[in-house]
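K.L.:
Pasting a structure below so you can have a look.
What follows is calculated from the coordinates using simple rules that are stated; it is not laboratory data. Predicted model, so just to flag it, every value in this text is computed and none were measured. Please note: Cβ atoms are built from the backbone with ideal geometry, for glycine as well, and neighbour counts cover all protein chains shown.
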Amino acid sequence: AAGKYAEQQKKIAAAGKGELTISTEPSGARVYVDGLLKGISPVTVKNLPAGKHFVTAMLAGWYLTQKEVST
């Protein structure tokens, strides 16, 4: 029984997907999640694995912004 429970938990964890919507003020920043370019803000990033992700927003003439978020 313990083996089946472990298999079920792994499937649930593998299927767990989240999404983030990233907005900046002003808009138009390049948005990276875990180091990969995901688009220009505002942007919604879908199908992220559940857990912590590192978000970076960059816009010329503005400070680089980085934040760790969870999905």
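K.L.:
Count charges around residue 44 for me, please; just the other residues with Cβ under 11 Å from its Cβ, Lys/Arg as +1, Asp/Glu as -1. All intermediate terms of the calculation are to be shown ahead of the outcome.
P.N.:
Values: positive: 38, 46; negative: 19.
Taking every other residue near residue 44 into account, the sum is +1.
K.L.:
List the residues of the range 48-71 whose backbone N lies under 14 Å from a point placed 7 Å from the Cα of residue 19 along the Cα-to-Cβ direction.
P.N.:
Once the point is set 7 Å along Cα→Cβ of residue 19, 48-49 turn out to lie under 14 Å by backbone N, inside the range 48-71.
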